[in-house]
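Heads up, the thing below is written out as structure tokens.
The values are calculated or read from the model by the stated rules, or taken from the named source; none is laboratory data. Computed from a prediction, not measured in an experiment: that's the story for all the values here. Cβ placement follows ideal geometry from the backbone for every residue including glycine, while neighbour counts extend to all protein chains displayed.
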Amino acid sequence: MADTKKIAVIAGDGIGPEVVAEAIKVMKKTEELYGLSFEFEHGLFGGIAIDEKGTPLPQETLDMCKAADAVLLGAVGGPKWDNNPKELRPETGLLGIRKALGLFSNIRPAKIFDCLKDASTLKPEVLEGTDLIVVRELTGGIYFGDKFRREGANGEEAVDTCVYNVHEVERIVRQAFEIARTRRKKLASVDKANVLETSRLWREVVNRIAPEYPDVELEHVLVDNCAMQLLRRPASFDVIVTENMFGDILSDEAAMLTGSIGMLSSASLGEGAFGLYEPVHGSAPDIAGQGIANPIATILSVALMYRLTFGYHEAAQSIEDAVASVLDAGHRTADIATDRSKAVGTQQMGDLIVAAMK
Ligand code: NAI
Ligand code: MG
């Protein structure tokens, strides 16, 4: 029996609670199958927390997350809170929790399920075998540098500054090498070192750390080239590590290789393998409460948690294989169904996946 791991569950709004419930079912099944042990604690977060506690991120929820080994998040937000002042908006809670938990990287896998290849806008033969992860730095770069307006020689100017320090680069690059080590052992470091000083520093740090990982094959790719190669040869990438803004753009590009938002998992990691796991999608108010949301993004986020935070690779594989086999058998939620009249609901999809786990 493995040590009991504490999971902070913040299901949030809209379809959040619906998809999180299915992910928890899957986790309970892995307790049975693999002798794992979890203690689930639930906290209010997002719009529901605004309604009940007057703030999107109540202190007790934050404390609960800090005391946990990992956080499982559904999604937050909805039209009800859209016109609230900033401090009473669910998205403010999202930024707040990432900061308070010291999360500095965002991990987004893009993996093709063979039977869904046709759903992508790319040719199936280009996509064949695509299974990559984008590791994006979250705390630095141009999004967080000084920004200001000034009067220039030709009138008003705007300035955004991009700053990275060695420590910020080192910790994320090490994390990416470690992740590559658990996979196909290939790392692409993406920068714009032909133009940007922050990129030159980035590349220096990568080259300095690389000898510690002789088993990982490293390539440096310029960001514009990477954007092209993702469409030309997506299957050749394993782990891609890059700074904040490049990662923002490339992770969205990579996500669209696979097609459906209801299938995309993500993680945000801090020091010591602590992580927050959530689907890429939002609270989908348009379908909330109907029991038709696709729970697979959240279920695959659990597999990611098992791999990245706990090193439970076997149990993670079992979840991923079960998802693939259920899809292969032709079961689809409405968002990925070609014939919507045959679509299964959220709970049924969760049950099918649980039943397929070995
Ligand atoms: P969304 O991802 O919630 O929905 C976009 C479209 O995809 C909708 O048509 C929705 O029905 C569909 N969709 C999303 N997830 C699905 C699933 N699991 N199964 C089936 N269909 C799914 O993005 P949108 O509409 O822009 O935002 C809705 C709310 O969610 C907003 O309040 C937004 O701020 C919030 N949001 C929250 C995020 C988070 O909690 N991390 C991330 C993105 C948006
Ligand atoms: Mg983006």
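Worth a mention:
- Exactly one residue out of L122, L116, L94, L127 is within 16 Å of ligand 2 (Cβ to nearest atom), surrounded by 15 or more Cβ atoms within 10 Å (Cβ to Cβ) and modelled with pLDDT under 95: that is L94.
- Within the stretch 89-100, residues that are in a helix (DSSP H, G or I) have Cβ atoms under 8 Å from residues that are of a type in the set (D, E, K, R) in these pairs: P90/D13; T92/K86; A100/K66, counting only partners at least 6 apart in sequence or on another chain.
- Selected residue (criterion: farthest from ligand 1 (Cβ to nearest atom)) from residues of the stretch 238-264 that are surrounded by fewer than 23 Cβ atoms within 10 Å (Cβ to Cβ) and among the hydroxyl-bearing types (S, T, Y): T258
- Qualifying residue in the stretch 282-297 (condition: in a helix (DSSP H, G or I) and surrounded by 22 or more Cβ atoms within 10 Å (Cβ to Cβ)): yes
- Considering the stretch 21-41, the residues that are within 16 Å of ligand 1 (Cβ to nearest atom) and in contact with an Asp or Glu (Cβ under 9 Å, 6 or more places away or on another chain) include one that is farthest from M349 (Cα to Cα), namely K25.
- Only one of the numbered conditions (1) part of a helix (DSSP H, G or I); (2) closer than 30 Å to C162 by Cα is violated by Y277, and that is (1).
- Filtering the stretch 227-237 to residues that are buried (at least 19 other Cβ atoms within 10 Å of the Cβ) and within 16 Å of ligand 2 (Cβ to nearest atom) leaves only L230.
- Of all the criteria given as (1) part of a strand (DSSP E or B); (2) within 16 Å of the chain's Cα centre (by Cα), the one not satisfied by T139 is (1).
- Residue check for V206: in contact (Cβ under 8 Å) with a residue 24 or more places away in the chain, out of contact with any Lys or Arg (no Cβ under 8 Å at 6 or more places or on another chain), away from ligand 1 (no atom under 16 Å from the Cβ) and not in a helix (DSSP H, G or I): no
- Of the residues making up the stretch 311-358, those that are among the small types (G, A, S) and outside any helix (DSSP H, G or I) are G311, A329, G330, A337, A343, G345.
Residue-wise test of (1) without any contact (Cβ under 8 Å) to a residue 60 or more places away in the chain; (2) of a type outside the set (D, E); (3) within 15 Å of ligand 1 (Cβ to nearest atom).
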site: T309; (1), (2), (3): no, yes, no
site: S318; (1), (2), (3): no, yes, no
site: D328; (1), (2), (3): no, no, no
site: A337; (1), (2), (3): yes, yes, yes
site: A355; (1), (2), (3): yes, yes, no
site: K358; (1), (2), (3): no, yes, no
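- All conditions in (1) in contact with a strand residue (DSSP E or B) (Cβ under 9 Å, 6 or more places away or on another chain); (2) part of a loop (DSSP other than H, G, I, E, B) hold for F148, with the sole exception of (2).
- Annotation: of all residues in the stretch 258-284 being under 16 Å from L116 (Cβ atoms) and more than 15 Å from ligand 2 (Cβ to nearest atom), the one that is modelled with the lowest pLDDT is G259.
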